[in-house]
Amino acid sequence: MPFPLFNSIASWFLKKRIHQIDLFLRYPNEVQQEVLQDLLGFAHKTKVGATHVFGSIHRYETFAERVPIVTYEDIASDIDASRNGAQNLFWPTPIKWYAKSSGTTNAKSKFIPMSVEALEDCHYKGGKDMLSLYINNNPEAQLFTGKGLRMGGSQEMYQNAHSSFGDLSAIMTENLPLWAEINTTPSLNVSLMAEWEAKLAAMVMECSEENVTSLVGVPSWMLVLLHKILEASPDKKLSDIWPNLEVYFHGGVSFRPYQNQYEALFEGQKVKYYEIYNASEGFFAIQDQNDSDELLLMLDYGIFYEFIPLGESDNAIIPLDNVQLGVHYALVITTNAGLWRYKIGDVIRFTSLSPYRIQITGRTKHYINAFGEELVVENADRAIAHAAKHCGVEVLDYTAAPVFMQDTTKGGHEWVIEFLFPPSDIEQFTRALDAEIQQLNSDYEAKRYKSLTMQLPTIHIARKGLFYDWLEVKKKLGGQHKVPRLSNDRELLEILLEMNV
């Protein structure tokens with residue numbers, strides 16, 4: 001599509017969509033109640049709708065009383081039946097696609113339903129809004145003069161007689177709108193390559209020749225690609241290869257541990273960073289301000305949100321209009337793909353209530369609380385970034401787990417950290433990390449006071465490629481797959497220590 005025509009269409013959409021976003025910013029709770037009623041009305045003749053009599057639910061309180069909060073295990077049988085041809089179980093329109101995902105330490109696969117409504121009104125709408133919000137903040141942007149480089153995972157799709165399943169990026173590519181396919185790189189053929197190493201090599205050849213103006217992908221995997229591109233052109237910098245690159249849209253893992261590396265790679269370019277919060281279950285939030293670490297919660301994507309204060313029972317669940325600033329909440333969603341009061345496993349906190357902006361602070365299963373220290377991923381990411389900057393090093397990946405008390409031996413935390421180049425003084429790095437966690441987390445600070453409960457952390461320097469090798473063994477290369485940052489048991493840590501030879 002010629003640039004002037006595409007730019008005109010994009011400008012028209014931008015103005016229209018920014019007006020719609022302004023409406024939910026002014027009436028957020030009303031918009032959420034409307035979303036809930038639309039979902040209930042649309043699905044009232046499904047199996048779950050009949051069971052809980054959706055047709056007579058007109059208030060949130062009734063919805064909360066009748067519909068149970070569930071995990072994947074609670075609804076797995078209905079999803080399996082749906083994948084094998086049963087219809088109208090939890091969503092009225094036929095569901096042809098399922099996004100396959102799994103916990104990073106759990107081999108059990110999850111198949112997240114992906115309805116047409118979820119694709120169009122949530123995932124693709126989120127992609128368009130990502131561009132709209134960026135351009136609204138940067139009217140001088142030349143995003144559409146070039147192409148966006150998308151870094152997806154495995155594009156391999158699998159089928160049975162009734163449905164297809166694969167990585168979220170595979171489903172997105174399979175159903176990609178024409179406007180997106182024209183203005184993205186790599187080509188569909190390369191995107192659909194299943195073998196990771198071959199796909200990387202093809203991306204290096206193809207994308208290096210394009211006029212790339214934006215990047216989209218998980219920071220850890222995008223780094224792999226960027227380094228491969230530089231290795232193929234050792235006499236060039238990224239600014240030579242992509243002189244018009246202006247923004248990197250990232251998500252999936254915290255950007256903090258990687259920011260210094262990106263700034264070094266983008267030396268000489270004024271590249272902006274925009275965070276997005278999307279998952280197989282939905283597209284939830286988008287950074288709506290330049291140079292911000294807060295994400296605007298998107299309220300009109302066919303997702304109704306609820307929140308459980310972390311550590312409390314399901315009975316403590318609240319809707320959006322009751323949330324408070326600074327509290328860590330487990331996220332519960334009801335979606336236009338037929339997930340009803342589903343515990344997604346993510347933890348967020350609100351940084352603003354007008355409008356509703358959030359930060360992702362971790363996973364409900366990814367934390368360390370062996371001694372009452374309540375260390376969450378957000379603390380760990382910030383402390384890692386601080387210690388790396390303090391010691392002048394770059395961290396590629398890390399994980400941590402508890403060292404449990406034995407007899408008179410004190411407990412603590414044990415870390416495996418992969419550096420681009422190891423610090424010359426690992427003790428200095430360890431003390432900087434420990435001090436910053438104490439600064440960020442008063443519970444950790446109390447347990448570390450005079451080393452009465454917890455001793456100084458132990459850090460193992462990972463060999464080059466340790467985490468990559470672990471992901472390869474798990475068949476989790478690329479996409480949104482990542483290493484768990486924190487674990488409350490030692491299973492993953494012990495495996496990595498055995499592999500670290």
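The values are calculated or read from the model by the stated rules, or taken from the named source; none is laboratory data. These numbers were taken from a predicted model, which means no experiment stands behind them. Virtual Cβ from ideal backbone geometry, glycine too; neighbours counted across all protein chains shown. Only protein heavy atoms, including side chains, enter the accessible area calculation; ligands, DNA and RNA are left aside. Shrake-Rupley method; radii C 1.70, N 1.55, O 1.52, S 1.80 Å.
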Expected unfolding gain across Met499-Ala435 under the 0.36 nm per residue rule, minus the alpha-carbon gap, is 20.1 nm
Estimated distance in nm for a label pair at Asn369 and Asp425, the labels positioned 7 Å out from Cα along Cα-to-Cβ: 3.6
Would you please state which residues of the range 473-501 a label at Gln455 would reach in this model, taking the label point 7 Å out along Cα→Cβ and a backbone N cut-off of under 17 Å? none
Between the modelled labels at Ala198 and Ser442 (7 Å from Cα along Cα→Cβ) the distance in nm is 5.7
With the full set of protein chains in place, find how many percent of the accessible area of the chain is carbon and sulfur; take the probe as 1.4 Å. 51
Taking every alpha carbon pair in the range 261-405, what does the distance histogram look like in 5 angstrom bins from 0, in percent? 2, 8, 15, 19, 19, 15, 11, 7, 3, 1, 0
Amide H neighbours of Arg363 under 5 Å, at least 5 residues apart or on other chains, H built in the peptide plane: list them. Val347, Val377
Report the semi-axes of the equivalent ellipsoid for the range 155-243 in whole Å, largest first, where each axis is √(5λ) for an eigenvalue λ of the Cα gyration tensor. 27, 15, 10
Amide H within-cut-off set for Leu396, under 5 Å, with H built and near neighbours excluded: Glu418, Phe419, Leu420
Please quote Rg/Rh for the range 370-501 to two decimal places, taking the Kirkwood radius as Rh and restricting both calculations to Cα atoms. 0.96
Of the trypsin sites (Lys or Arg not before Pro) in the range 36-104, those whose Cβ has at most 13 other Cβ within 10 Å and which sit in DSSP loop: Lys45, Arg59
Percent of all alpha-carbon pairs of the range 13-125 at distances over 20 Å, whole number, is 54
How many Å² of accessible area per residue for the chain, probe 1.4 Å? 43
Hey, what's the Cα Rg ratio for the range 221-261 versus the globular rule of thumb, 2.2 N^0.38 Å? 1.27
Can you compute the helix-only [θ] at 222 nm over the chain? Use -39500 (n - 2.57) per DSSP H run of at least 4 residues, normalise by all residues, nearest 500 deg cm²/dmol. -11000 deg cm²/dmol
Contour minus Cα-Cα distance for His162 and Thr62 (0.36 nm per residue): 32.5 nm
Net lengthening on full extension, His19/Lys237 (0.36 nm per residue, minus Cα-Cα): 74.5 nm
Output the Cα-based Rg and Dmax of the chain in Å, rounding Rg to one decimal and Dmax to a whole number. 22.9, 73
Looking only at the range 347-363, which residues have a backbone nitrogen under 12 Å from a spot 7 Å from the Cα of Leu325 in the C-beta direction? 350-355, 357
The range 225-300: relative contact order as a whole-number percent, Cα under 8 Å and 6+ apart: 23
At q = 0.13, 0.17, 0.19 Å⁻¹, what is the base-10 log of I(q)/I(0) for the range 405-457 according to the Debye formula with one equal point scatterer per Cα and no solvent? Please give it to two decimals. -0.36, -0.59, -0.71
